[in-house]
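Remarks on the structure that follows.
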Amino acid sequence: MSNHPIGTSLPDDAFWSASAAELLSKLGATAAGLNSIEAQRRLLDVGRNVVAGPVRRHIGAKILRRLVDPLVAILIVAAIVSGAVGDLASCAIILVVITVSIAIEVTQEHNAEEAVEALKRTVALHAAVRRDGRVVETLVEELVPGDVVELAAGDLVPADGIVIEATGTQTNEALLTGEAFPVDKRPGPCAATSPAEAFSAFFGGTALVRGTAVMLVTGTGSRTRFGGIAAALGSAQPPGALERSLHAFSALILRLTGFMVLFVLLAHLAFSRPVLESFLFALALAVGMTPELLPMIMTVTLSRGAVRMAARKVVVKRLAAIHDVGAMTVLCTDKTGTLTQAKIALAGHPGVDGADSTRVLELAAVNSGFESKQRGALDNAILAGAAGVSRSDWRYIADVPFDFDRRRASVLVEKNGRRLLIVKGASEDILSLAMQVETKDGVHPLDDRHRAAIEKLCHDKCAQGLRSIAVGWREFPATTQSVGVADETDLVFAGFCLFVDPPKETAAAAIKRLENAGIRVKIISGDAAPTVRHLVETLKIPARGLLTGADIAKLGDTALVHQVTKTDLFARVSPDQKTRIIRALRAGGHTVGFVGDGINDAPALYAADVGLAVEGATEVARAAADMIMLEADLHVVHDAVEEGRRTYANIMKYLRMGTSSNFGNMLSMAVASVFIPFLPLTPIQVLLNNLIYDLSEVGIPYDTVERSTVRRPHGLEMSELLRFTLIMGPLSSVFDIAAFMILLQGFHATPDVFHTAWFVESMATQILVIFFIRSSEPFWKGRPHRVLVVTSLGGLAFAIAFALTPLGRLLGFVPLAPSILLAMAVLVVGYLAAAEFLKRTAMAHRRRHFGVHHRHN
């Protein structure tokens, strides 16, 4: 035995398609279990039965990874340049912003790493294992392939394995498959293609809810189903929509900055300007192009969005996910708990004519109420559905408890002197045991016509996604005191009990709201295809196409990308297939959200642009998610989407303002520096201009947003931002150049007067234009938030006061004549009027319909 190759687990289909005897032979084990020496040897070979998490990076590695981010690198260079030209204040502010931003991100990464730790805690601590010919309590982490474990109702399954023995065994596998109904377990080879259909297989982390069982362990640790899920959580998380957009934004800034610096240096050298002065001026322009406060603006904006989302029943774990949920074009959700109530309910109790029968309901309730063994979920649903049916006239005599060999339970009861054996169980079994049928007009022989009608009724109900059991009865003499399995024959077929996981009343309206908001809803379920179709038809959800897990298994990644775009329903999918669907949608250019609650959902939550776990979800699902919904309702998702889009709108205001204004100013100075015999602003004045402007816009996160902004998905589209920059930036440059000409030709301004006047005009145009381009609507239709008004006008007042008072002389500013101030004011008004006229052209964006969104990397 010690030479048997047990270092790897058996493939899924191999371990549940083989008999127990075959597997015992393959694993070099016996039904009596292993001996301690062999178990210890195997433990050394295969390792402990724990989920191996990823190697956690050192804090220094986490920080270094963020320092090489393009945007952060740009800001670090800007800080160095600021310090080199003497602007220590700008240098300090940039470094503080970088430090705070990195600290927040590192903290968030630490929270994500807790997902694997949470998964480890979902399994039992001890198990009853057959060792050395007796049953002993052993630590779960010491189990090995070949161990034989005894399980009872309430136990957690400690590893993957197969059923050797089972007595009335049912497991709850909702966390693995999403199926709300208990799953029958029995020994024997199984031809299943997915875990949900594998009646002979146990999966670590699921739970026995009924009966007892003996299992043979076939896989432990990372070789279990949940071990594969943990490995998915340990892999590198793909960048979200916001991260991809920021990388693209960094590339845009680098291109614009490189163009500007190169132009200035070459032009100055061509005109024989001093090399050092030209170099410092070019570096100052480069700093002026960088959005120094972008990390702070984004953090404040996202944090305010998180506070508002909390008020709307969404707890945000990863701040960037606020943007991502607003940019979402596809929402994938399991049906259990979000579209349905995640509980089993009695949906009907038809007789053989298809109409609900009180007689059938009464017989089923009597059987469930008097069954001597532990009641199952279906029994509880029957009793809840029969709350108005009296059972007080019935008297219990005896019963034959449920077991999975027979797949039925029987009770002998008496009412009004008649003793009946009421049998309830699998529909096909009850029908095979019946000789007669009960209709509204009495009992009749079960002929071929009645049998065909009953089989058709059962098939039709199952096609609607309903689960069925049948009820039959047989009359016994009044003296009968006991019954056995042999008495469960010659039954009178009475009818069916039908069960469903009821849909939520709010689900259809919530999906309609999401569809109207430009988000395509796709249902990804572990349930069977008929169940998913029935739910969609019940809720009247418009859905295209259906793929099963078996279909997906046959598709390569490229083919899957094509199929998922035109398919809205996915049934019988495994956890890794859920992740494949998410990745295929992202590869097709979508920003993808995923709603889940089980351990089986964790990889998909992790792979999506934004993962949303519901309250009451497993710990590992909550840890893997970016947001937690305090109410399992898709209306909450829609509310989160609206808040995400509001947050996006305010971030875009800063990016539009900062990029276009900085580009326009730097373009003006670059052009002017070539044709004017002195610099339009000194390097320190350029940095002061940029610093005051950025600080004046810290109120943007608090601003209100127009309603039209939240109606459709939006992303940080670089083409749109570049369009805005190339229209509004040169527009400001036109008025700047007009100011240069007026100052030089009209007022014959000295360098100091020129610097001061243009500084004032530049600050006024940069700051005041926010009130015009904060919305695509006419500026007088929307009222800005008072915080934005205070910060903007306060920044402008400080800039003017600094430049025109003696304090400004420290940086070379001088007082200005009233005529110059009036001329600058006229230019400012003209610029603002032109900005109002052109803003709709500059802010026009390509509408993003679901299915046609293209990602920019």
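The values are calculated or read from the model by the stated rules, or taken from the named source; none is laboratory data. This one's a predicted model, so the numbers in the text were calculated from it and none came from an experiment. Neighbour counts are summed over all protein chains in view; Cβ atoms, including those assigned to glycine, are modelled from backbone coordinates with ideal geometry. Heads up: the accessible areas ignore ligands, DNA and RNA and are worked out on the full protein's heavy atoms, side chains in. Shrake-Rupley method; radii C 1.70, N 1.55, O 1.52, S 1.80 Å.
Would you confirm whether or not the range 681-698 contains a residue that is within 18 Å of Leu796 (Cβ to Cβ) and of a type in the set (Asp, Glu)? Within the range 681-698 (the criterion being within 18 Å of Leu796 (Cβ to Cβ) and of a type in the set (Asp, Glu)), the answer is yes, since at least one residue qualifies.
From the set of residues in the range 229-250 that are open to solvent by less than 40 Å² (accessible area, probe 1.4 Å) and of a type in the set (Gly, Ala, Ser), which is modelled with the lowest pLDDT? For the range 229-250, the residue satisfying everything is Gly234.
Residues checked against (1) buried (at least 19 other Cβ atoms within 10 Å of the Cβ); (2) under 15 Å from Arg223 (Cα atoms):
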site	(1), (2)
Glu137	no, no
Glu150	no, no
Gly154	no, no
Gly161	yes, yes
Ile164	yes, no
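Can you tell me which residue in the range 19-39 is nearest to the chain's Cα centre (by Cα), limited to those that are in a loop (DSSP other than H, G, I, E, B) and farther than 17 Å from Cys190 by Cβ?
Leu27
Can you find even one residue in the range 487-494 that is closer than 29 Å to Glu455 by Cβ, surrounded by fewer than 24 Cβ atoms within 10 Å (Cβ to Cβ), without any contact (Cβ under 8 Å) to a residue 40 or more places away in the chain and over 18 Å from the mean Cα position of the chain (by Cα)? No, the range 487-494 has no match at all.
Across the range 516-529, the number of residues qualifying as in a helix (DSSP H, G or I) and surrounded by 13 or more Cβ atoms within 10 Å (Cβ to Cβ) comes to 1. As a summary of the residue check, Asp501 satisfies the conditions (1) without any contact (Cβ under 8 Å) to a residue 60 or more places away in the chain; (2) open to solvent by less than 30 Å² (accessible area, probe 1.4 Å); (3) closer than 17 Å to Thr333 by Cβ except for the one numbered (1).
Just one residue in the set Val437, Val483, Val471 is in contact with a Lys or Arg (Cβ under 7 Å, 6 or more places away or on another chain), over 30 Å from Arg712 (Cβ atoms), open to solvent by less than 60 Å² (accessible area, probe 1.4 Å) and not in a helix (DSSP H, G or I); that residue is Val471. Looking at the range 359-373, is at least one residue in a helix (DSSP H, G or I), among the β-branched types (Val, Ile, Thr) and in contact with a His (Cβ under 6 Å, 6 or more places away or on another chain)? Yes, the conditions are met somewhere in the range 359-373. Note on the range 611-652: residues that are within 12 Å of Val314 (Cβ to Cβ), without any contact (Cβ under 8 Å) to a residue 40 or more places away in the chain and in a loop (DSSP other than H, G, I, E, B) amount to 1. Can you name the residue in the range 668-685 that is modelled with pLDDT of 75 or more, under 50 Å from the mean Cα position of the chain (by Cα) and open to solvent by less than 10 Å² (accessible area, probe 1.4 Å) and is also farthest from Val760 (Cα to Cα) among such residues? Top of the filtered list is Ser668. Of the candidates Ala825, Ala801, Ala835, the single residue that is hydrophobic (A, V, I, L, M, F, W, C), open to solvent by less than 30 Å² (accessible area, probe 1.4 Å) and either within 21 Å of Asn665 (Cα to Cα) or assigned to a helix (DSSP H, G or I) (or both) is Ala835.
Every condition in (1) over 30 Å from Arg225 (Cβ atoms); (2) hydrophobic (A, V, I, L, M, F, W, C); (3) modelled with pLDDT under 70; (4) surrounded by 15 or more Cβ atoms within 10 Å (Cβ to Cβ) holds for Leu10 except the one numbered (1). Only residues that are assigned to a helix (DSSP H, G or I) and crowded, with 17+ Cβ neighbours inside 10 Å were counted in the range 530-562, giving 13. Against the list (1) modelled with pLDDT under 90; (2) open to solvent by 30 Å² or more (accessible area, probe 1.4 Å); (3) under 29 Å from Leu256 (Cα atoms), the condition Lys781 fails is (3). Residues that are in a strand (DSSP E or B) and under 30 Å from His444 (Cα atoms) within the range 321-356 comprise Leu346, Ala347, Gly348, Pro350, Gly351, Asp356, listed in sequence order. Restricting attention to the range 339-360 and to residues that are within 42 Å of the chain's Cα centre (by Cα) and open to solvent by less than 10 Å² (accessible area, probe 1.4 Å), the residue that is nearest to Leu457 (Cα to Cα) turns out to be Pro350. Annotation note: of Thr565, Thr548, Thr579, the sole residue that is of a type outside the set (A, V, I, L, M, F, W, C) and under 24 Å from Cys462 (Cβ atoms) is Thr548.
When the range 624-636 is filtered for residues that are surrounded by fewer than 24 Cβ atoms within 10 Å (Cβ to Cβ) and in contact with a helix residue (DSSP H, G or I) (Cβ under 8 Å, 6 or more places away or on another chain), the ones remaining, listed by number, are Ile628, Leu630, Asp633, His635.
Those residues that are open to solvent by 10 Å² or more (accessible area, probe 1.4 Å), touching a Ser or Thr at 6+ places or on another chain (Cβ under 7 Å), modelled with pLDDT under 70 and not in a helix (DSSP H, G or I), I need them from the range 173-205; list them, please. Passing the criteria: Ala180, Ser194.
Would the range 691-703 turn up any residue that is surrounded by fewer than 24 Cβ atoms within 10 Å (Cβ to Cβ) and more than 25 Å from Ile94 (Cβ to Cβ)? No, that holds for no residue. Working only within the range 720-761, note down all residues that are small (Gly, Ala, Ser), out of contact with any Asp or Glu (no Cβ under 8 Å at 6 or more places or on another chain) and buried (at least 18 other Cβ atoms within 10 Å of the Cβ). Of everything in the range 720-761, those that are small (Gly, Ala, Ser), out of contact with any Asp or Glu (no Cβ under 8 Å at 6 or more places or on another chain) and buried (at least 18 other Cβ atoms within 10 Å of the Cβ) turn out to be Gly729, Ser732, Ser733, Ala749, Ala757.
Looking at the structure I just gave you, is Leu420 assigned to a strand (DSSP E or B), on the phi < 0 side of the Ramachandran plot and either open to solvent by less than 30 Å² (accessible area, probe 1.4 Å) or at pLDDT 95 or above (or both)? Yes; evaluated as a whole, the condition is true for this residue. Pairing residues of the range 71-84 that are assigned to a helix (DSSP H, G or I) with residues that are among the basic types (Lys, Arg) and modelled with pLDDT under 70, at Cβ distances under 7 Å and at least 6 apart in sequence or on separate chains, gives Val72/Arg66.
Which of the residues that make up the range 522-542 are within 25 Å of Pro195 (Cβ to Cβ) and either under 21 Å from the mean Cα position of the chain (by Cα) or acidic (Asp, Glu) (or both)?
Filtering the range 522-542 for residues within 25 Å of Pro195 (Cβ to Cβ) gives 522-536.
Residues satisfying the conditions are Lys522, Ile523, Ile524, Ser525, Gly526, Asp527, Val532.
With respect to the stated conditions, Ala409 is closer than 15 Å to Val471 by Cα and at pLDDT below 95.
Inside the range 586-610, can you point out the residues that are free of Cβ contacts under 8 Å to residues at least 60 places away in the same chain and buried (at least 24 other Cβ atoms within 10 Å of the Cβ)?
Going residue by residue through the range 586-610, those that are free of Cβ contacts under 8 Å to residues at least 60 places away in the same chain are 587-588, 605.
Matches in the range 586-610: Leu605 only.
Leu363 - would you say it is surrounded by fewer than 24 Cβ atoms within 10 Å (Cβ to Cβ) and under 21 Å from Leu412 (Cβ atoms)?
no
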